[in-house]
Amino acid sequence: MVALNTKSNLRSRATASRARIDEVGPLRRFSSETPETTKGSELHEISRLLAAPMRLDRKLASVAEVLPSLLPLRRGAITVSAGKEDPALSVMIETSNNAADRGLPEGLLEHIVKSARPLIVKDIGTSALFLHEPSKATRGETAAVTFIGLPLQAEQETLGALWIDRYLDDSGAGCFDDDVRFLTIVATLVGKAIKSDRELRGSDRQVVAVGSKPDEAVRESRLEQRSKVDWIVGESPALKQVLEIASAAAMTNTTVLLRGESGTGKEFFAKAIHALSPRAKKPFVKLNCAALPETLLESELFGHEKGAFTGATGQRAGRFELANGGTLLLDEIGEISAAFQAKLLRVLQEGELERLGGMKTLKVDVRLICATNKDLEMAVARGEFRADLYYRISVVPILLPPLRARSGDIPRLAQVFLDRFNEENARSMEFAASAIDLISRCYFPGNVRELENCVRRTATLARSTTIVSCDFACQNGQCFSARLWRGDADPSTIRAVDELAKGGQSPEGAHVLGVEAGREPHPIAAPVKICDPADPSCPAISPRLTERDRLINAMERAGWVQAKAARLLGITPRQVGYALRRHRVDVKKF
């Protein structure tokens, strides 16, 4: 482990090292913009790990475990500085090359943290900064070693350092620069995660009452808050974890980014965060950014003055003004244009705006919650979404679990939707045990929204007041939403709905998206053959299979070729290699 506590016997060496910094050359400040060569899927994986509902040390350990599969590392570490009430933390990046000498001069790490600037040394063997390092001859190596050290920053605060060293190969300076830029983005994401973790734990400490046990006080407070959110139904562990994070985030004014597949209830969770916050008695205003063109979106958010455009017959306040003192939900934030992203960024940074056609600057105090089902990391990599706006809104990312990850909640939700249908239509419908069993095993790629539609459709067309399994569309070959499960646009599969409309069954060649339970879907999911959800051999749907089982299943189907297995699972070959190591799966060789 690398510690940040400075020892007296290293202070003189640190001073001497800083005096020789000029030997390396000026320190370059790399842009946080994502390079075109950086794969969005890799950034998405790291962002998902940092957004997971677990302790900070486990998040950093997960990132440290992934990095060796993405970059040619020799060794490295993620080091977090001690805060006022937070201890120092260091996580080694384990590789096959760092079993022996792992340490670095503390003066170097101290310099990176205090200067808040990157430190790049092309060949540590020729630098006076690394006099402690054994020579190449002593190490039995021939290649030069490069050092990359980057500060972990969030909101102008330096929270630690990320450093690696690697062999200098013949891949060229462009490839090396891409690695540095990639690590710069990773360091920014880690810095945001550290800042968010400290803010959340700080809010927990404020909840603790004087003279009570901290864990008990926090638990009681969370239970009391949870009882206020009666519009979110479920008791699954995945849902409880998300509610814990949402309850902690609600106690602060920190910006929250709700992420998840379509139909997971992002608007309901935004409403819950507002209801549990100190702003609960203030307005809760929401706006779907994808529903309006850019000109109308600007007017809706910022307001307009009389005569600002044709039809503006009077002054109108925007959503930011209406939400002043309260909470503003911007749904589908990933769909706004690049030009409007720049305008929105200024308001978020300064808290000031001008109405469309106006000259007066208005100050607003708004707690912002954003929601999207879009892969923002991929959008940043493609240049479709501004990196600076991404960092501004992704302060506390909350990943909402898909319905397949909370299957135990399906019967409760189905009953709620049936009760609502009965009340609206003066009916007295009820589920038979066979119907509950069937619906609990369904895949539901459309999540809660699709479940509600399924219940309403079945209740409308049921032959009696008791809904049985044969009343469901999927049991009669009439599940039209199955078309959305396919991963391609092959003309032969587009005829599926026509076949269903004629009374036929789902075509044998139909496909579903191969998505692992509890994971966000990959943006380019590989198609796999549709199968019966009750069949334990179904690799994409069956809840009986673990992530390790699905990995082995895909490898066997691909003949233990990682590239083919990656296409089956909808992930990259690097991620397959990482998963094989994480699950300790021995690769068969033929």
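The values are calculated or read from the model by the stated rules, or taken from the named source; none is laboratory data. Quick caveat: nothing in here was measured; it's all calculated off a predicted structure. Cβ: placed from backbone, ideal geometry, glycine included. Neighbour counts: every protein chain shown.
Scanning the stretch 293-306 for residues that are farther than 18 Å from Leu362 by Cβ and out of contact with any helix residue (DSSP H, G or I) (no Cβ under 7 Å at 6 or more places or on another chain) gives Pro293, Thr295, Leu296. Filter the stretch 227-240 down to residues that are more than 15 Å from Gly265 (Cβ to Cβ) and polar (S, T, N, Q), then give me how many there are. Counting residues in the stretch 227-240 that are more than 15 Å from Gly265 (Cβ to Cβ) and polar (S, T, N, Q) gives 1. Among residues of the stretch 228-253 that are within 16 Å of Asp197 (Cα to Cα), those with a beta-carbon under 6 Å from a residue that is at pLDDT below 85 and basic (Lys, Arg) at least six positions away or on a different chain give the pairs Ser247/Arg222.
Please determine, by comparing only the residues of the stretch 370-416 that are more than 17 Å from the chain's Cα centre (by Cα) and part of a loop (DSSP other than H, G, I, E, B), which one is surrounded by the most Cβ atoms within 10 Å (Cβ to Cβ). Selected residue: Glu384.
Hey, can you tell me all the residues within the stretch 292-305 that are over 16 Å from Leu368 (Cα atoms) and free of Cβ contacts under 8 Å to residues at least 24 places away in the same chain?
Leu292, Pro293, Thr295, Leu296
Taking the condition surrounded by fewer than 21 Cβ atoms within 10 Å (Cβ to Cβ), of a type in the set (Asp, Glu), outside any strand (DSSP E or B) and not assigned by TED's automatic domain parsing to the domain that holds Glu335, does Glu450 pass? Quick ask: steps written out before the conclusion?
Details: surrounded by fewer than 21 Cβ atoms within 10 Å (Cβ to Cβ): yes; of a type in the set (Asp, Glu): yes; outside any strand (DSSP E or B): yes; not assigned by TED's automatic domain parsing to the domain that holds Glu335: yes.
Yes; evaluated as a whole, the condition is true for this residue.
Among the residues of the stretch 568-590, those that are of a type outside the set (Gly, Ala, Ser) and not in a loop (DSSP other than H, G, I, E, B) comprise Leu568, Leu569, Pro573, Arg574, Gln575, Val576, Tyr578, Leu580, Arg581, Arg582. Taking each residue of the stretch 457-471 that is charged (D, E, K, R) and looking for partners that are surrounded by 12 or more Cβ atoms within 10 Å (Cβ to Cβ) with beta-carbon atoms closer than 8 Å, six or more apart or interchain, yields Arg457/Ala473; Arg463/Asp471; Asp471/Ala435; Asp471/Thr458; Asp471/Leu461; Asp471/Ala462. Taking the criterion of being in contact with a strand residue (DSSP E or B) (Cβ under 6 Å, 6 or more places away or on another chain), over 21 Å from Gly334 (Cα atoms) and small (Gly, Ala, Ser), the only residue of the stretch 247-288 that qualifies is Ala249. Within the stretch 119-131, identify whether any single residue is at pLDDT 80 or above, of a type in the set (Gly, Ala, Ser) and part of a helix (DSSP H, G or I), and answer yes or no. Checking the stretch 119-131: not a single residue is at pLDDT 80 or above, of a type in the set (Gly, Ala, Ser) and part of a helix (DSSP H, G or I).
Each residue in the stretch 346-386 was checked for being more than 22 Å from His274 (Cα to Cα) and in contact (Cβ under 8 Å) with a residue 40 or more places away in the chain, and 20 pass.
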